[in-house]
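Participant: Below: one structure in structure tokens.
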Amino acid sequence: MYKKLFIPGPVPVHPEILAAMATPLIGHRMKEYAELHERVTSGLQKILYTEGKVFLATSSAFGVMEGAIRNLVGKRCANFCNGAFSDKWHDVTRRCGKQADAIRFDWGKPVTPEAVERTLSTGLYDSMTMIHNETSTGVMSPLPEIAEIMRKFPDVMFIVDTVSSMSAVKIPVDELGIDSCIFGVQKAFALPPGLTVFTASEKALQRAATMEGRGYYFDYMEFAANDAKHNTPSTPCISLIFAMDRQLERIFAEGLEARWARHRDMAEYVRQWVIDRGFGLFPDREYCSLTLTCARNSRGIDLAGLKKNLAEKGFAFDDGYGKIKGETFRIAHMGDMTRDDLEELFAAITSIMPDLA
């Protein structure tokens, strides 16, 4: 049975997007593909507020997250870790044979500008990684304030995962000085998984050009050379790029300001629903994600049982991730979702647990 997804990704995909994926294929070295590629990357530049390079990679986001490490980390990397996926990025950095340190925060807490400044002031690092919106904990770290600190360290590569925030909130890549901004498309962009978008500043490309052992598949220099021809180094996921082309049209038709406002409204609505029923928010409210809510199971309800019963009614529900599974639950509110979708989920929850009405 099909289940409507309220998990932190993948999220539901609009029928128009699925239809776009059924577009007859074109050759990826044909003029028609170059035109599609240029149209998509130009549209993404507008959403990212960048005049820099925007590359399309056929991969999950972690492929490019590893690629960023191979291309941009020379001396040592500071991995800022405040949840399961930022912890994993540190592990990936070490597996790539790079010198790296994990700067850890308690789960539920954001990466702070103070910690970034304190860490980079040591002079030990030439790169840093952070996840803007840590999906395991529902924490959105203060990216503009961190970017302000990063201006003090122009020789440190600023590498940011925006997998579950890009397009739901304004992230002006050039203004923030992000050297490589990375995101998959199965979350706030509401596409099927398999395509990752990433940027590379001029500074990042200069660093990559000097880096040995950066491999081939995610070599920034290969992407830059092919981008000059509006293409990719290897065969791209053409059907997903057709889908992105259609989704960009839909995003611009809605309007970026309206899209951001819709995500803020859904976030506030879900947070209030959670609080009104006696649950706590896992992060401090000012650092709560705008694309998913991570709530404390303050009432000690049977989350596994609720998940099973919701599945029988056609809804996918998340009962927490990693070491906070069962102690928390997460509700996604991103992509093409609306309040009506959330009301449908909440009606299903209260039909199973009437005391949450």
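Participant: List residues of region 1-40, by number, whose backbone nitrogen lies under 11 Å from a label position 7 Å along Cα→C-beta of Ala253.
Facilitator: Label zone hits: 16-17.
Participant: Taking only the alpha-carbon atoms of region 1-137, what semi-axes of the equivalent ellipsoid follow from 5 times the gyration tensor eigenvalues under a square root, in whole Å, largest first?
Facilitator: Details: eigenvalues 227, 89, 40 Å².
Rounded to whole Å, the semi-axes are 34, 21, 14.
Participant: On to the next question. Arrange the peptides 118-130, 74-86 so that the one whose residues have, on average, the most other Cβ atoms within 10 Å appears first.
Facilitator: Details: 118-130: 18.8, 74-86: 22.5.
Result, highest mean first: 74-86, 118-130.
Participant: Same structure again: For region 158-246, which trypsin sites (Lys or Arg not before Pro) pass both filters: DSSP loop (anything but H, G, I, E, B) and at most 12 other C-beta atoms within 10 Å?
Facilitator: In loop regions of region 158-246 (DSSP not H, G, I, E or B), the sparsely surrounded trypsin sites (Lys or Arg not before Pro) are Lys229.
Participant: Using +1 at the C-beta of Lys and Arg and -1 at the C-beta of Asp and Glu, which of Met1, Leu56, Ala68 has the Cα lying farthest in the positive direction of the dipole of region 1-109?
Facilitator: Ala68
Participant: Before anything else, pin down the relative contact order of the chain: Cα pairs under 8 Å, at least 6 apart, normalised by residue count, whole percent.
Facilitator: 24 percent
Participant: When N is the residue count of region 143-297, what does its C-alpha Rg come to as a fraction of 2.2 N^0.38 Å? Spell out each step's value before the answer.
Facilitator: Working: Rg = 18.3 Å, N = 155, 2.2 N^0.38 = 15.0 Å.
Normalised by 2.2 N^0.38 Å, the Cα Rg of region 143-297 equals 1.23.
Participant: Taking the Cα centre of region 196-244 as origin, work out the dipole magnitude from +1 charges on Lys and Arg Cβ and -1 charges on Asp and Glu Cβ, in debye rounded to 20.
Facilitator: For region 196-244, the charge dipole is close to 60 debye.
Participant: Taking the Cα centre of region 116-185 as origin, sum charge times position over the Cβ atoms of Lys and Arg (+1) and Asp and Glu (-1), and report the length of that vector in debye to the nearest 20. Don't skip to the answer; put the middle values down first.
Facilitator: Values: 4 positive and 10 negative charges, 23 e Å.
Once rounded to the nearest 20, the dipole reads 120 debye.
Participant: So for the chain: antiparallel DSSP bridges make up what percent, rounded to the nearest 5?
Facilitator: 50 percent
Participant: What angle, in degrees between 0 and 90 and rounded to the nearest 10, separates the Cα long axis of helix 256-276 from the longest principal axis of the Cα atoms of the chain?
Facilitator: The answer is roughly 40 degrees.
Participant: Also, quick follow-up: Which one, His333, Phe282, Thr293, projects farthest toward the positive side of the charge dipole computed for region 261-343 from Cβ point charges (K/R +1, D/E -1)?
Facilitator: Final value for the positive-end residue is Phe282.
Participant: Jot down the per residue volume, in cubic angstrom and as a whole number, of the convex hull over the alpha-carbon atoms of region 51-115.
Facilitator: Value for region 51-115: 125 Å³ per residue.
Participant: Cα centroid distance between region 77-138 and region 339-357, in Å?
Facilitator: A separation of 37 Å, based on Cα centres.
Participant: How large are Rg and Dmax for region 277-324 when calculated on the C-alpha trace, in angstrom?
Facilitator: Radius of gyration, then largest Cα-Cα span, for region 277-324: 11.9, 35 Å.
Participant: Next up: Give me D for region 67-192 in µm² s⁻¹, whole number, from Stokes-Einstein with Rh from the Kirkwood sum over alpha-carbon pairs, 37 °C and 0.692 mPa s.
Facilitator: Answer, rounded: 227 µm²/s.
Participant: Mean residue ellipticity at 222 nm from the helices of the chain, using -39,500 (n - 2.57) per DSSP H segment of n ≥ 4 over the full residue count, to the nearest 500 deg cm²/dmol? Working shown, then result.
Facilitator: Values: 13 runs with 147 residues, N = 357.
That calculation yields -12500 deg cm²/dmol at 222 nm.
Participant: Can you compute the charge dipole magnitude of the chain about its Cα centre, using +1 on each Lys and Arg Cβ and -1 on each Asp and Glu Cβ, nothing else charged? Give it in debye, rounded to the nearest 20.
Facilitator: Here the size comes out at about 660 debye.
Participant: Summarise the long-distance tail of P(r) for region 193-262 by giving the % of C-alpha pairs beyond 18 Å.
Facilitator: 55 percent
Participant: Obtain the nm distance between the two label points defined at Arg285 and Met30 by a simple spin-label model: each point lies 7 Å from its Cα along the Cα-to-C-beta direction.
Facilitator: Taking the two extended label points, one gets 5.5 nm.
Participant: When you take every Cα atom in region 238-323, what is the radius of gyration, and what is Dmax, the widest Cα pair distance, in Å?
Facilitator: According to the Cα coordinates of region 238-323, Rg and Dmax are 16.7, 47 Å.
Participant: Put +1 on the Cβ of each Lys and Arg and -1 on the Cβ of each Asp and Glu in the chain; which of Ala228, Ala100, Leu120 then has its Cα farthest toward the positive end of the dipole?
Facilitator: Of the options given, the answer is Ala100.
Participant: How high is the relative contact order of region 261-345, in percent, with contacts defined as C-alpha pairs under 8 Å that are six or more residues apart?
Facilitator: 31 percent
Participant: Relative contact order, percent, of region 47-185 when contacts are C-alpha pairs under 8 Å separated by at least 6 residues?
Facilitator: 28 percent
Participant: Could I ask something else about it? Please report, as a whole percent, how much of the solvent-accessible surface of region 141-228 comes from carbon and sulfur atoms (probe radius 1.4 Å). Walk me through the numbers before you get to the answer.
Facilitator: Details: 1600 of 2980 Å².
Ligands and nucleic acids excluded, carbon and sulfur reach 54 percent.
Participant: How would you classify the chain from its alpha-carbon gyration tensor, with a ≥ b ≥ c the square roots of the eigenvalues: rounded for a/c under 1.5, else prolate if a/b is greater than b/c, otherwise oblate?
Facilitator: Details: a/c = 2.00, a/b = 1.26, b/c = 1.58.
Oblate, since a/c reaches 1.5 and b/c is not below a/b.
The values are calculated or read from the model by the stated rules, or taken from the named source; none is laboratory data. Bear in mind the structure is a predicted one, so any value in this text is a computation, not a measurement. Positions of Cβ are generated from backbone atoms using ideal geometry, with glycine treated the same way; all protein chains shown enter the neighbour counts. For the accessible areas, the whole protein counts, side chains as well, though only heavy atoms, and no ligand, DNA or RNA atoms are used. Shrake-Rupley method; radii C 1.70, N 1.55, O 1.52, S 1.80 Å.
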